[in-house]
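Working notes, beginning with the structure itself.
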């Protein structure tokens, strides 16, 4: 493609693909190397995977909105070594959890809690990924990490089959399969994740996502891919917008730290910065003590 691509494509990740597989596939379709993603999904998971293209890759590690939402299928009465249905069964028994018991126990996961990362995860301990140690039959000492669960809703639950679906809205770094595992423990039985669909990630939801097949079809038909891309600044909409005049735009682009009165700012905060032609330039922090508009990240 001759046109430079810069922006965000929301992919509906298919089951069986790793997040890296999605990036590799898109590189082939778009013929562009500069691609990154926000929020890794396990191969068994589907759903929202924001992919950052071109200059947008600079945004991957500074996203202000790291909230995620999932629809998580589960089954009680079973445990696996991976905490999901793809693992080896290590415990199985007949379970008779009631809807009321489930509704009561999910409440303990709301708010800020600590979660022990599963052994089959990409968390690094002593320079090695936990899943690498797990595959060697080893277990490493893990430290609990703080997570935040904003909401858990029971979408459905069948008391006969002991299966159901939870809608979970949580912070970045939350292991949904561990929530299911811990929920099973709290109910006195086993619990495994049977399916996982991410419906929202960092400001982007499933309704705005596209399959890899759709992207392939658009590329082959010669359709302008930018028509389905979000602009880079869409990732930072929670920050207030500042538009510079032509003189200050030139100075900003040259790396000059402007004074706060030059840009008409009084509040100390991070801002989205635009040039006099309304081009998104990047993010800057208004430092009241230093009286400077400090550049955090450029996107021009």
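Going by Cα centres, the range 270-300 and the range 161-180 are how many Å apart?
With the range 270-300 and the range 161-180 each reduced to a Cα centre, they are spaced 38 Å.
Counting other beta carbons within 10 Å of each residue's own, what order do 229, 44 fall into, fewest first?
Details: 229 20, 44 17.
So the residues, fewest neighbours to most, are 44, 229.
Using alpha carbons only, how many degrees (0 to 90, rounded to 10) separate the axis of helix 212-221 from the longest principal axis of the chain?
Between helix and principal axis, roughly 40 degrees.
With the convex hull built on the Cα atoms of the range 68-201, state its orientation-averaged projected area in nm².
Mean projected area for the range 68-201: 7.8 nm², to one decimal.
May I ask for the angle, rounded to the nearest 10°, between helix 176-186 and the longest principal axis of the chain, with both axes built from Cα atoms and the value confined to 0 to 90°?
Tilt relative to the chain: about 40 degrees.
On average over all directions, what projected area in square nanometres does the chain have, based on the convex hull of its Cα atoms?
Working: hull surface 75.9 nm².
Value for the chain: 19.0 nm².
Helix 19-30 versus the longest principal axis of the chain: what is the Cα-based angle in degrees, 0 to 90, to the nearest 10?
40
Place a label point 7 angstrom from the Cα of residue 143 along the Cα-to-Cβ direction, then list the residues of the range 80-121 whose backbone nitrogen is under 15 Å away.
114-117
Once you sort the root eigenvalues of the Cα gyration tensor of the range 151-253 as a ≥ b ≥ c, which label holds: rounded (a/c under 1.5), prolate (a/b larger than b/c) or oblate (the other case)?
Details: a/c = 4.09, a/b = 1.87, b/c = 2.18.
Because a/c hits 1.5 or more and a/b fails to exceed b/c, the range 151-253 counts as oblate.
Would you order 183, 116 from fewest to most other beta-carbon atoms within 10 Å of each residue's own beta-carbon? Could the numbers behind the result be given before it?
On the way: 183 22, 116 13.
Result, fewest neighbours first: 116, 183.
Mind sorting 90, 85 by how few other Cβ atoms lie within 10 Å of their own Cβ, fewest first?
With the sparsest Cβ surroundings first, the list reads 90, 85.
Here, each number is a calculation from the coordinates, and none is a lab measurement. None of these values were measured; they are calculated from a predicted model. Here the Cβ is made from the backbone with ideal geometry for all residues, glycine too, and neighbour counts use every protein chain on show.
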